[in-house]
Structures are given as structure tokens and as C-alpha cells.
1. Which one of these does residue 101 not meet: (1) farther than 11 Å from residue 49 by Cβ; (2) surrounded by 17 or more Cβ atoms within 10 Å (Cβ to Cβ)?
2. Which one is farthest from the chain's Cα centre (by Cα) among residues in region 70-107 that are within 16 Å of residue 145 (Cβ to Cβ) and outside any strand (DSSP E or B)?
3. Going by the conditions given, is residue 95 under 16 Å from residue 160 (Cβ atoms), surrounded by fewer than 20 Cβ atoms within 10 Å (Cβ to Cβ) and at pLDDT 95 or above?
4. Scan region 108-118 for residues that are more than 14 Å from the chain's Cα centre (by Cα) and either within 24 Å of residue 129 (Cα to Cα) or crowded, with 16+ Cβ neighbours inside 10 Å (or both) and report the count.
5. I'm checking my understanding of the structure. Among residues of region 108-153 that are closer than 26 Å to residue 67 by Cβ and in a loop (DSSP other than H, G, I, E, B), which one is modelled with the lowest pLDDT?
6. Just to check your reading of the model, which residue among 67, 51 is at pLDDT 90 or above, under 17 Å from residue 159 (Cβ atoms), within 18 Å of the chain's Cα centre (by Cα) and not in a loop (DSSP other than H, G, I, E, B)?
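The values are calculated or read from the model by the stated rules, or taken from the named source; none is laboratory data. The shown structure was predicted, so the numbers you read here are calculated from the model rather than taken from an experiment. No Cβ is skipped: glycine too gets one built from the backbone with ideal geometry, and neighbour counts run over all protein chains shown.
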């Protein structure tokens, strides 16, 4: 089990810790998963990305994070959790969707294959043109990966990445023109 991170020392610079959520069994695999799925019907994945500011400002839990609050508080030791952005989009396996994150970061998510109730994907986090983190993984359908670590404002940015094979509600579906852009 990973130790619970406390506040980050100033001289540590960028600290990225990948935390696997308890309800999201994840199995990391090699580059063999980086091949797009081949089927007669393309498979669509709904990706949801939440950016959360965790800080020691004694402001408590943002009401919009009620469902995620207990998990955040169990994994991290901060007095404040504030939702900074909530984005979602749909993408076919083998394609990439980009999410603009706070602090000039960009997150690329590329679902590769759906195998039963597991979604294989590649995730790349960028600071400008420079990749900060790249990983290939399998996430359980409706599972969540929590990435914590980039310093942001007076605390740490926590990025929650969820994936499911269920469609977004009709009001949130991206249009064909926004295929590689998430919906806010």
C-alpha cells in the first residue's frame, strides 16, 4: 500500500503520485495494449476528467465533490478540496481526446481496446509541449484513476480520470466537429 502523501516540500518541484482508487481495479500492462481495437463496430468510451485543488486552507470539501470526498480524504491529508474543472467527452477506441487542465496542463486520453469490463488506454499528461507522465493501463468499466501531484496555486492538483462504455446524457454529447475536444 502506498503511504498517504502529506503536503509537498517546496524544493521537491513536481511530484506526481499515481494513486489507484479502491473501487477502480487497475492493471498496468505493456505496449501491447497500445493497439487500437479491431471490430466491425467501433467502440465508444466516455471519459470524465475532474481537476481538484487540494490545499491547507481550511475551507472543507466542495459540495460538488460529495461523492468523491471520502475517497479523496482517505488518500490525501488536506483540509480543502475544491473542484476546479469537470469535463467529459466521448471518443472511439483508437482515437485521442484532449482535456485542458488548470495551470496550462493538457491531458491526452486514448482508449485502445475494450475487453469485457476492462478499458485499455494510454494517458499522457503534458506541461506545455513537455510530457510529465505517460502510462498504459487497464481501467475497470466505470472505474476511476486518481493522479495527484502537480503543484497548483497554494496546493496540489488532483486529477480524477474516469472511463465507461456508457453514453453521456444527450445534453453533454460532443458534436463530430469536437471529436478531440472535451465538453465542459
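1. Residue 101 satisfies all of (1) farther than 11 Å from residue 49 by Cβ; (2) surrounded by 17 or more Cβ atoms within 10 Å (Cβ to Cβ) except (1).
2. That would be 74.
3. When the stated conditions are applied, residue 95 does not pass them.
4. Qualifying residue count for the region: 4.
5. Within region 108-153, the match that is modelled with the lowest pLDDT is 153.
6. When all the criteria are applied, what remains is 51.
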